[in-house]
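Below: one structure, written as C-alpha cells.
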Amino acid sequence: MSITDLTSMAEAQVGERQEINERLRKLREEVSDSCFQCARCTSGCEAHKLLELEPHRIVALLKRGLIDEMVNSDIIWTCMSCFKCKERCPQKVAPVNILFTLKNLAVASGKQIPGDFTAMLQSAMGIGLIQDVQSVPTRSGETRRREDLGLPPCSKPVDPAKFQQTIMTVAMEKV
Amino acid sequence: MRRIGVFVCHCGINIASKVDVEDVTDFSSRLEGVVVSKDYKYMCSDPGAKLIKDSISEYGLDGVVIASCSPRMHEHTFRGVAEDGGINPYNVEITNIREQCSWAHEDRGEATKKAKSLVRAAVAKALLLEPLEKSRTPVTPEALVIGGGIAGMQAALDIADDGFKVHLVEKEPTIGGRMAQLDKTFPTLDCSSCILTPKMMETKNHPNIDLMTYSRVISVEGSVGNYRVKVLKKARYVDVDKCTGCGDCTTACRIAGHVPDPFNMNMGKRAAAYIPFPQAIPLKATLDPDHCLMLRFGKCGDGPLCVKACEAGAIDFDQKDQEIEINVGTIVVATGYDVLDAGKLFEYGYTRSPDVITTLELERLISSSGPTKGEVVLPSSNEKPRSVTFILCAGSRDETQCTWCCRIGCMSALKHVYLLREKLPCETEINICYTDIRSFGKGYEEFYRKIRGVGVSFFRGRPSEVRVSRKNITIDVFDTTTNKLFEIGTEMVVLVPALVPRADSEEFSRILGLSRSGDGFLLEAHPKLRPMDTFVNGIFVAGCCQGPKDISDTVSQASGAASRAAGILTKDELENDPLIAWVDPEVCVGCGVCVEVCAYSARKINEVTGIAEVDDALCAGCGACIAACPSNACTHRNYTKQQLVRMIDEVV
Amino acid sequence: MTRYALYPGCLMPTEQYGYEVSLKSTLPLLGVELVELQGFSCCGEPLKSINQMLTLTLSARNLAICEKEELDILVPCPMCHLALSESKSILDGDAKMKERINSKLSGEGLEYRGISRIFHIIDLIHDVIGLDAVREKVEKPLSGLNFATHYGCHLIRPSSLGRPVDPENPQKMENILEALGAKADDYAEKLDCCGAPLLPVHPETSLTKAGQKLRSIQEQEFSGMALSCPWCHKMYDSRQKKAGETVGARLSVPVFYLTQLMGLAFGVDGEKLGLDLNLSPLEKVLDREKEVTS
C-alpha cells in the first residue's frame, strides 16, 4: 500500500490530505534519504530528556514509509519546535519539518487534536488572535487592563466575516 | 596524384548492426582519389593494423581514412599504425561512424547514408592533408618538489636516486612536515620521529638534492620539460654558514616564552629566535619577523640578547630576502594539509574552554618534545584529566562544513586512546563518540579490535554540543546501540577535526595553473587511473594536498609521482603535438590580438621580425587565436579553413 | 524619524503589556516612529502543527497589510518574526504559491508583494540604529549589573532562513547591554529553550524547561535575565513561581525585557516601562540601581 492509499481511507479533506501526502513524499525522498542516523538531532533535542522524542527515529520511520505508526502516536506532539535538530544536522535533514507535516496529517486524517490547540484555533478564527485581551496582575497584587496602561485597542481583522472567509479556504472542516 | 586507402570498421556489431559496412566500403572505393577500400571487424586490433599496413605497401598509399569509433579512442593507435606502415602519421583522417552515427540512429538506411556522407567528407579532407613533423623541445633534467614533508621528501629522494637533480622547496625553516608533529603512527605505533628523521637526514645528505628551506615558489612559467620557476628565499636573519644550531639565541631571546608556538599548535610558547624542534633540518636558528623586537621596532632593550649570546656571530639583521630562478623539467607538488579551525564549530566549545582541544593538539601534549614534555594534562589546570572524551567527525561528513571524510580521524583517535592508556592512570575514563569507525587499511581492523579491549566506552552517536559551565564540561550523546541518552561529565574533550586544504591553496594553485576539486584540494587527472597526474602536463601531486590520506598512502603516491616525473626527465627531448596553430608570416602584421587571447601564454610577437610566433610546446591547439586573428594569418595545422570547407561541401 | 509598521502578534497585545509599553517608551527616543495599523491577525506560527498552509496564509496576510502602507515591519515577537520571515522566503521563491495565497487574500483586498523588510528589536537597534546612538542616550548606566541573556530559539534558528542573530554565538544583546553599561557573561545554558511552544500540549514539561534554566541562572549569581520575546517572558517571568514549583526550587530571578532595561538606562520613568507588570522580583535590581544613583 502506498502512503496515499493508507490515508485516503479516512473521510474528509481529500484535497488537503493529498497536499500533505505530497509534502511527505517530498520530505521522504529529498530529505530523509540523506540521513545516516548519526543521532545528533536526538542528542541535542530539547524535548528528548523529558518526553523521549527521538527525531532521528522519526526520520528513519519516514524513510521506511511507516507513516501510520507516527500519525497515530502521541510522540509527534512532543516536539518543541526549537529547530535545533535542523540547525545541527550534518546532512541538512530537518526532523522538525517532518514532524510539522506529520502533525498536519494527523489533524487532516481526523485524529483528535490534543491539548489547547482547538481553543486557540477557534479563537483565531473568531477574533483573529489565539486569545483575547486579558486583565493581568501586577507584582503588587493589583490588576491592569490594556486601556489602564494607556494602550490603544488591540489590532484585529477589520472585517471579521471576510477574514473568516479567507481562512475557511484553508482551515479544517472537522474543527 | 593522391593515393588514399579507406578502412571501414565493423566494431563488432557496434557499427555493423546499424550501418551496412560492406555498402559503405563499396561506395568509398569509387570516390575520387581512393585506390582501395576495405572493411574489417575490429580495425584497432592487430589483424586490423596488419590490414592497413599491408594495404599501404601493396597499393602505394600516401594517405589513410579510417571510418570507425571516436578519434578519442584510437587516433593515437592509428597514427602509429600508419607510421609503421611507412606514411606520415598526420596523413590519417578518422571519421566517427559509431558515436556520431550508428549509436545515434535507429534506421539502418539513414545511418548507412550518413556514414557514406561522413566518409566522403573525410576523403575530401584527406586529399588536402599535409604531412607534419613533431617539433622537439629539450628537457631540463632537473625536478622541483614543492613541500618538504614526508610526501615531498619521498618524491625528492626517489627522483634523486634516479640520478636527477632535485630542488626541494619548503616554506618552513625545516623539513619534516606534519609527521614531525606526531608522536606515534598507527597502526604499528612506530615512533614518528624515529622513522622520519632518517628520511630527513637522507634528504639533507643526498648529493642530488638542493634543499631550499624557508622558501616559497612565487611564479612558474613555461611548460613540461622547461619550467622557469622563481623561488623566494626568505631571510632568516641568521647567517646559516656561521650558525651552529646550538640554540643559545633561543633561550637568551628577550621575549622567550612569549611567542605562541605554531609547531606546538599554539599550546606552548617559544622565543622570536627559534629552532622549530630539536631534530630540525637544517639545524639553524631563524628570527621570526612578526615578533622579533629588533625587526619590528628597530630596537631591543639595550641591545639584542641573541647577538650577545651567539658565539658564532651569526645574527644578521640586515639579511634580505633573495629571489632565485631555477629551471626544471617537471614539478611535484606535495604541500600537505591544514586542520579545520575548530572555533568554527562554536557549539563544541573549542573557544569556550581551554580543555577542549583537537587531535593534533593532543598529539603535541603526548609528544615528549611538546609543550608539557609528554605529560597529558588539562591546559586549564595542568592536572591529569580524570576523564577524556573524543568526538569524531567534528566538521567532517557535514554538509554545512566539510562534506568529506577525513580518512584518518578514526584511526588517530584509536591510536590516541592507546597512548592515553599508557600515559594516564588506568582508572581514567575514556569515551569515544563516533558515527562510524573506518578502519580500512592493512592492520587497521586488528588495531581497532585491540582498542575495543582497553576499557573505552564507545558511544555510537554524534553529540549535538559540548556544554561548558563554570564547574565542568558535560556532553549529551544519544547512543543508537542501546537507544539511551547518556550524559557524560568529562574533563578533557578531544575533537577530531576535518582536514582541509592549505589556507593559501587558492593562490598557490593559480601560480601553477592547477585545478582544484570541489573540496578545495588539488585536482588529480583521474581519480582511479591517474591519481598523481594533474591536468597540467609535467606537474604531479603527492600526499594530502590532493586529498586527506594516511602516511602509507602518501608515501605510495609520492613514489608514484616521482616515477611519473622521472619518466619525463629521462628523455632528452619531448615531442610536441604538431596539431597546433600556425602563423603565415606573409600575412601577419603583428597586431598582437593573438597574444592577448592566448590562455596558455604560447604567443608572442618576435621583436626583430614583428611577426607573431607560436611556442610549439605551450600551444594547446585550442583555436582561440585562429578565431581572433583579424587578418586570417593564423590557421590550425591540418584543420585549415580550406580543408573544413571542402568537408562541408561534400556533406551538403 | 524612521517609520516602521509595528506588528504586535497575539501574545504581546493581549497579555504581555510590559513589552509593548516599554518598547513604545524607548524606541522613539532612538528615532523610531511606530505606525500602528488596523486589521492584523495572528501570525499563524502557534497553529503550524495544525495546518502549515494556514500559517502561511495568516503571515502573508499580515505582511500584505504592512505592504499596503509601504512600510518596513518591526516584529517584537521572535515567533511572529520567524513566521513572517519563513512565509516571505517561501512566497518570494515560489511564484505559483504566491499566486495561490494572493487569491486567498484578495477577498480582504490584500496582496502580498514582497516589498517590506522584517526586523526584530535587537537587530533594529544593533544593526540599523547602531550602538553609538544607544550610548548617547544613556543617562543612568546599568553599572555593576550582570545579565544572563536569553534570545529564544526562534530568534536564532534556523540559520538557513536568515535570522537576526548568530545561531551558536549570538552577541547582539550582549553588545547592547554593554552599551547600556551592564555586563552579560556567557553561561552554558544560554541557548536552552524556554518550553513555550509545548504549553498547549504539555504544560508541565514547558514549566520544567523554564524552571531548570532559571534555577541554573540563579545558581550562577546573575543580576537577572534579559530577553526580548513575549513567550519566553511569559515562561520565565509570568510563570516563574509555577516553574519553580514544578522543579522543586525557590526561584527568585529578576526577568526584564531588553526594552525595559534600555528604558532604565535612558532614565525613563519606571511606570512608563511597565515594570510593575513583571511578576519576578525586580526590586533586587531596581533597589540596587536606586542605591547606585543616590
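Only the coordinates and a few stated rules stand behind these numbers; no lab work does. None of these values were measured; they are calculated from a predicted model. Heads up, the Cβs are rebuilt from the backbone with ideal geometry, glycines too, and the neighbour counts pull from every protein chain shown.
Miscellaneous remarks
- Volume per residue of the C-alpha convex hull in segment B:279-412, rounded to whole Å³: 245 Å³
- Taken over chain B, the ratio of Cα radius of gyration to 2.2 N^0.38 Å equals 1.24.
- Partnerless cysteines in chain A, where a partner means another cysteine C-beta under 4.7 angstrom, comprise A:Cys35, A:Cys38, A:Cys45, A:Cys79, A:Cys89, A:Cys154.
- Here the Kirkwood formula, the inverse mean of 1/r across different C-alpha pairs, assigns segment B:580-636 a hydrodynamic radius of 10.8 Å.
- Between B:Ser29 and C:Glu99, the modelled label-to-label distance comes to 6.5 nm, taking each label 7 Å out from Cα in the direction of the beta carbon.
- Set of aspartates and glutamates with alpha-carbon distance to C:Lys96 below 19 Å, sequence-local pairs under 8 removed: A:Glu16, A:Glu19, A:Glu22, C:Glu86, C:Glu111
- Computed from Cα positions, the angle between helix C:17-26 and the longest principal axis of chain C comes to roughly 90 degrees.
- Cα-only radius of gyration and Dmax that characterise segment B:210-326, units Å: 15.9, 54
- Bins of 5 Å, starting at 0 and running to the largest distance - Cα pair percent for segment B:541-600: 4, 13, 13, 11, 11, 10, 12, 10, 8, 6, 3, 1
- Each residue of segment B:475-529 gets 152 Å³ once the volume of the Cα convex hull is shared out per residue.
- A full extension of the chain between B:Asp519 and B:Gln319 corresponds to an added length of 68.1 nm, given 0.36 nm per residue minus the alpha carbon distance.
- Here B:Asn205 and B:Lys269 are evaluated by their C-beta separation; at R0 = 30 Å the FRET efficiency comes out at 0.35.
- Projected-area mean, segment B:204-270, by convex hull of Cα positions, square nanometres: 7.3 nm²
- Annotation: lysines with alpha-carbon distance below 27 angstrom to B:Lys38 (same-chain offsets under eight excluded): B:Lys18, B:Lys50, B:Lys53, B:Lys113, B:Lys114, B:Lys116, B:Lys125.
- Distribution of pairwise C-alpha distances over segment B:534-652, 10 Å bins, in %: 12, 30, 23, 19, 12, 4, 0
- Paramagnetic label zone (point 7 Å from Cα along Cα-to-C-beta, A:Thr118; backbone N under 14 Å) in segment A:88-107: A:107
- P(r) for segment C:134-293, from all Cα pairs and a bin width of 10 Å, is 11, 41, 36, 12, 1 %, short bins first.
- Segment B:542-652: relative contact order as a whole-number percent, Cα under 8 Å and 6+ apart: 25 percent
- On the basis of the beta-carbon distance and an R0 of 51 Å, A:Asp159 and B:Glu575 show a calculated FRET efficiency of 0.05.
- Kirkwood estimate for segment B:339-500, i.e. one over the average of 1/r between Cα atoms, Å: 15.8 Å
- Label zone at A:Glu19, where the point sits 7 Å out along the Cα-to-Cβ direction: segment C:17-53 residues whose backbone N lies under 19 Å: C:42-53
- For the residues of C:96-106, the average number of beta carbons from a partner chain within 10 Å of their own beta carbon is 1.
- In terms of its Cα atoms, chain C spans 59, 44, 31 Å along the principal axes, sorted from long to short.
- Percent of Cα pairs exceeding the 16 Å cut-off, where the set is segment C:59-151: 64 percent
- Semi-axes of the equivalent ellipsoid for segment B:248-309, Cα gyration tensor, largest first, Å: 19, 13, 10
- Average beta-carbon neighbours from other chains, 10 Å sphere, peptide C:9-18: 6
- Summarising the label geometry, the points placed 7 Å from Cα in the beta-carbon direction at C:Leu131 and C:Val35 lie 3.2 nm from one another.
- Rg over Rh for segment C:2-119 works out to 0.97, using Cα positions for both radii and the Kirkwood form for Rh.
- Residues of segment A:40-67 with amide N under 17 Å of a point placed 7 Å along Cα→Cβ from B:Thr482: A:43, A:49
- Value of D in µm² per second that Stokes-Einstein yields for the protein assembly as shown, Kirkwood Rh from Cα pairs, at 10 °C (1.306 mPa s): 45 µm²/s
- Working note: Cα atoms of segment A:3-108, range along each principal axis, descending, whole Å: 38, 27, 19.
- The lysines within cross-link reach of C:Lys284, meaning a Cα-to-Cα straight distance under 22 Å and a gap of 8 or more places when in the same chain, are C:Lys140, C:Lys183, C:Lys190, C:Lys213, C:Lys234, C:Lys241, C:Lys242, C:Lys272.
- Legend: mean number of C-beta atoms from other chains within 10 angstrom of residue C-beta atoms, peptide A:145-154, equals 4.
- Computed from the C-beta positions of C:Lys242 and C:Asp269 and an R0 of 30 Å, the FRET efficiency is 0.50 to the nearest 0.05.
- The reciprocal of the average 1/r between distinct C-alpha atoms defines the Kirkwood hydrodynamic radius, which for segment B:4-126 equals 13.8 Å.
- Here the label points at B:Asp341 and B:Arg296, each 7 Å from Cα along the C-beta direction, are separated by 2.0 nm in the simple model.
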